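Worksheet: one structure, shown below.
The values are calculated or read from the model by the stated rules, or taken from the named source; none is laboratory data. Everything quoted here is computed from the prediction, not taken from an experiment. Cβ placement follows ideal geometry from the backbone for every residue including glycine, while neighbour counts extend to all protein chains displayed. The area values use the complete protein model at the heavy-atom level, side chains included, leaving out ligands, DNA and RNA. Shrake-Rupley method; radii C 1.70, N 1.55, O 1.52, S 1.80 Å.
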Amino acid sequence: MLRVTQTKNTLLDGATIDSQLYTTPQDCEDFFESIEKPTTVVAAPRPTFIRVGVLTTVRGSAYMEYGNTKVMAIVAPPRELVRSNVRRVNMGVINCYVNFAAFASDDLEEVPEREKHLSSMLTKALQPLVCRNEFVNFQLDIRVLILDDDGCLLSTAINCCGVALIECGISTYDLITASTACIYRDHVFVNPTAKVEELLWQHRAGNALLGSSSKSKEEEKDVQQHGLLIIASMETFEQLAQCQQCGYLKPETYVQLLDYTLEINKSLRQLIKRVLTERVKEQHVLDMREKQLEHQEDQRLATIIEKLQQQGLHEFIQSNIKEDPYTAK
């Protein structure tokens, strides 16, 4: 099978024919030998940091660090659909926009395509989460800024957006959590790094997919599995909000990776609940402090009014005028 791949030339744009579509590049083999392979699979999230309400200019915002992957999400209150969209909808519309910071990616040529793909996948993941029936004919804009990418980018963006939605006060059915797992050469990678994900994308395994019906069972056993699985789940309803699979996975391997991701999602859910609880307590303390300041201000104004009524306007003004020491001399 042949594939046409676009190449760039300083003089003209042309195309080359790739006759070895289903072969693993040698650089992938060399890179796989150089990376550290996990000996045991630990279904646990990376070191995670979540901060809610990082921006004071918007109603809902969140910042999340998942290892070295850094993401910030902004949610604006629902607004009415543009008049140009004459078609009436029975549910609210969710628009997700993912953008990379200028320093977040080295390959600038692939950034627009990745942004478009991530925006589409993020929208599909958040649609089952939001109670869209509560803002009919309104649209909800969610913007995500990628500050650093070290793998698990889509799952981190889903987690960060879920926290930002709650901070904005948008009604949701449940807390959403997402995680990533993959397998390559019989090695399972939980929370794979960007280099491992790139290795999976570069790997070519058409022989495992093309003409598999004519293969014998012994040949099928020799096929090396490689694939990536991203799972976004809502634990209360035991529902999968998003399931994205790339590559070739056997059914038993798929179930194994699914169990790993769901276990990680449970741990992330407890972390997010703790962060949101602390955020509510922090906001409560700020509200009580603001009420206390308002009460003190009301008491001060009441004291001034009482003195004004007792002394009269002229005497009150004279009593509050302080003599200039230089003028007294």
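What's the FRET efficiency of Thr277 with Val42 using the Cβ-Cβ distance as r and R₀ = 22 Å, to the nearest 0.05?
Numbers: r = 26 Å, r/R0 = 1.19.
The calculated FRET efficiency here is 0.25.
Relative to the present Cα-Cα distance, how much length would full extension add between Thr253 and Arg51 at 0.36 nm per residue of separation? Spell out each step's value before the answer.
Values: separation 202, 0.36 × 202 = 72.72 nm, distance 3.49 nm.
My answer for the length gained is 69.2 nm.
With a 1.4 Å probe and all protein chains left in place, how much accessible area per residue does segment 224-302 have, in Å²? For segment 224-302, the per-residue accessible area is 62 Å². Dipole orientation for segment 245-322: of the candidates His314, Leu257, Met288, Leu257 has the Cα lying most toward the positive pole (charges on Cβ; Lys, Arg +1; Asp, Glu -1).
Taking 22 Å as the limit for the C-alpha separation, the pairs Lys195/Lys273; Lys70/Lys250; Lys37/Lys195 exceed it in the case of Lys195/Lys273; Lys70/Lys250.
Within the shell defined by Cβ-Cβ distances under 14 Å, the residues around Cys168 carry a net charge of +1, with Lys and Arg each +1 and Asp and Glu each -1. Of the peptides 152-158, 134-140, the order by per-residue mean of other Cβ atoms within 10 Å, starting with the highest, comes out as 152-158, 134-140.
Assign one of three labels to segment 142-186, namely rounded, prolate or oblate, based on the Cα gyration tensor with a ≥ b ≥ c the square roots of its eigenvalues; rounded applies when a/c is under 1.5, prolate when it is not and a/b is larger than b/c, and oblate otherwise. Because a/c hits 1.5 or more and a/b fails to exceed b/c, segment 142-186 counts as oblate. Sorting 43-55, 270-282, 179-191 by average packing, meaning the other beta carbons within 10 Å per residue, from highest down gives 179-191, 43-55, 270-282.
Find how much the distance from Lys195 to Glu290 grows on full extension, using 0.36 nm per residue of separation minus their present alpha carbon separation; answer in nm with one decimal.
Contour length minus Cα-Cα distance gives 29.3 nm.
With a sphere of radius 13 Å drawn around the Cβ of Asp150, what net charge do the other residues whose Cβ falls strictly inside it have (Lys, Arg +1; Asp, Glu -1)? Mind dumping the intermediate values first?
Details: positive: Arg46, Lys70, Lys195; negative: Glu65, Asp106, Asp148, Asp149, Glu197, Glu198.
So the surrounding residues net to -3.
Computed over neighbours whose Cβ is under 9 Å from that of Glu235, the net charge equals 0, Lys and Arg +1, Asp and Glu -1. How many angstrom lie between the C-alpha centres of segment 264-295 and segment 165-192? If we compute the Cα centre of each part, the gap is 23 Å. Note on Gln245 and Glu33: the extension gain reaches 73.9 nm, defined as 0.36 nm multiplied by sequence separation minus the Cα-Cα distance.
Applying 1/(1 + (r/R0)^6) with R0 = 22 Å to the Cβ-Cβ distance of Asp298 and Asn320, what FRET efficiency is obtained, to the nearest 0.05? Spell out each step's value before the answer.
Details: r = 20 Å, r/R0 = 0.89.
Here the calculated transfer efficiency is 0.65.
Given a 1.4 Å probe and every protein chain left where it sits, what share in percent of the accessible area of segment 93-155 is carbon and sulfur? Working shown, then result.
Numbers: 1490 of 2990 Å².
Ligands and nucleic acids excluded, carbon and sulfur reach 50 percent.
Of the peptides 66-73, 119-126, the order by per-residue mean of other Cβ atoms within 10 Å, starting with the highest, comes out as 66-73, 119-126.
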